[in-house]
Amino acid sequence: MPITSVHKDPETLTMTVVADFAAPLQRLWDAYADPRQLEKFWGPPTYPATFTRHDMFPGGRSAYAMVGPEGDVSRGYWEFLDVKAPHSFEVLDGFCRPDGTPDTEMPTMRMTFAFEATASGSRLTTTTFFTSVDELEQLMSMGMEEGMRQAMGQIDAVLDDLRSFAADLPAAAGVLSDTTVRISRVIRGTVAQVWAAYHDPALVSRWLLGPDGWSMPVCEVATEVGGTYRYVWREDTGDRSFASTGEVVEFAAPHRTVTTERMYGDGIPDDAAGTVNEMTLIPVEGGTLVTVVVTYPDAETRDEVLGTGMVGGMEASYARLERTVLAR
């Protein structure tokens, strides 16, 4: 059990949890920065969490749901107040209603996470600030302390699993729900470099090509909310072509964009459904973690698109990005 102490102080309205790990500081930080890793331990074993959003930068937001053994769902969010990688971050932690909006009838807590290197590895000190004794007692009665003990008891296994999250792994997709998929890949470059590669037309047209044998004769990039983008791909040998277009819904440089997307062209039905794509860039050991959450209209469309080899095409593009744009 990594937890070495738990201290509840009714006078300062805080609960402080100290946990020690036999892992380097950066490795522990990355476990919290990467939603694929975080969701393996944030919820207790009987209430595993799924993070549908995790924007670890000041002003960013996370959204998660914990599903119990009877199918009951507890939803929550983090609002990031401060991030100083890899040493600390601070959030507002609250509950959500089924529609994802904050549940104002439940407590909202401020939490700080402080990371430090130790002689044997690293230490995490988590401090929760309550607004009243009643709020502290309410959350303790809901099992908050025991839940944290159970959740942190799972971190060691995640930290030991170095291979599943290594920087040299190809892009991989994880199904989050009937309508959402998360594609993840660590790109060997800085956040600034990867952000530029996504938003400089001269760079985009060099790497965002999918499998070999295609070019991008039209590359119109959007860099503000309400702006529209348009990409056209053409086969180098043959007459096939297709395109995508959409609108920027959110734009928080250099960490997050949300865009709509519709595909059209050869082999694509005129009434093909569109998607919403949420991209987040977070620095981790080895480079930048690119996370793209794609929302489809239904499970059938989700499976149909995944079946086209979309993830393989994204991996080919990411490998080209590292090879042709980011290579030093």
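The values are calculated or read from the model by the stated rules, or taken from the named source; none is laboratory data. These numbers come from a predicted model, not from an experiment. All Cβ positions, glycine included, derive from the backbone under ideal geometry; neighbour counts span all protein chains shown.
Which one is nearest to the chain's Cα centre (by Cα) among residues in region 39-48 that are under 23 Å from residue 172 (Cβ atoms) and surrounded by fewer than 21 Cβ atoms within 10 Å (Cβ to Cβ)?
Selected residue: 40.
For region 74-81, check the following and say yes or no: at least one residue is of a type in the set (A, V, I, L, M, F, W, C), out of contact with any Phe, Trp or Tyr (no Cβ under 6 Å at 6 or more places or on another chain) and surrounded by fewer than 16 Cβ atoms within 10 Å (Cβ to Cβ).
Within region 74-81, one or more residues are of a type in the set (A, V, I, L, M, F, W, C), out of contact with any Phe, Trp or Tyr (no Cβ under 6 Å at 6 or more places or on another chain) and surrounded by fewer than 16 Cβ atoms within 10 Å (Cβ to Cβ).
What number goes with the only condition from (1) within 19 Å of the chain's Cα centre (by Cα); (2) outside any helix (DSSP H, G or I) that residue 36 does not pass?
Of (1) within 19 Å of the chain's Cα centre (by Cα); (2) outside any helix (DSSP H, G or I), only one is false for residue 36: (2).
Would you mind telling me which numbered condition in (1) outside any helix (DSSP H, G or I); (2) touching a residue at least 24 places away in the same chain (Cβ under 8 Å) residue 245 fails?
(2)
Taking residue 270 as the residue in question, decide whether it is surrounded by fewer than 14 Cβ atoms within 10 Å (Cβ to Cβ), touching a residue at least 40 places away in the same chain (Cβ under 8 Å) and more than 23 Å from residue 168 (Cα to Cα).
no
In this structure, is residue 47 outside any strand (DSSP E or B), in the same structural domain as residue 158 (by TED's automatic domain parsing), in contact with a Leu (Cβ under 9 Å, 6 or more places away or on another chain) and among the hydroxyl-bearing types (Ser, Thr, Tyr)?
Answer is no for this residue.
Okay, residues lined up against (1) more than 23 Å from residue 181 (Cβ to Cβ); (2) in contact (Cβ under 8 Å) with a residue 40 or more places away in the chain; (3) surrounded by 14 or more Cβ atoms within 10 Å (Cβ to Cβ):
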position: 221; (1), (2), (3): yes, no, yes
position: 229; (1), (2), (3): no, no, yes
position: 232; (1), (2), (3): yes, no, yes
position: 236; (1), (2), (3): yes, no, no
position: 255; (1), (2), (3): no, yes, yes
position: 259; (1), (2), (3): no, no, yes
position: 263; (1), (2), (3): no, no, yes
position: 274; (1), (2), (3): no, no, yes
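Going by what's in this entry, would residue 251 be described as at pLDDT below 95 and either out of contact with any Cys (no Cβ under 6 Å at 6 or more places or on another chain) or closer than 23 Å to residue 55 by Cα (or both)?
For residue 251, the condition - at pLDDT below 95 and either out of contact with any Cys (no Cβ under 6 Å at 6 or more places or on another chain) or closer than 23 Å to residue 55 by Cα (or both) - is not met.
Which of the residues belonging to region 17-49 are among the polar types (S, T, N, Q) and either in contact with a helix residue (DSSP H, G or I) (Cβ under 7 Å, 6 or more places away or on another chain) or modelled with pLDDT of 95 or more (or both)?
Selection gives 26, 37.
For residue 303, only one of the following conditions fails: (1) at pLDDT 95 or above; (2) closer than 29 Å to residue 33 by Cα. What is its number?
Of (1) at pLDDT 95 or above; (2) closer than 29 Å to residue 33 by Cα, only one is false for residue 303: (1).
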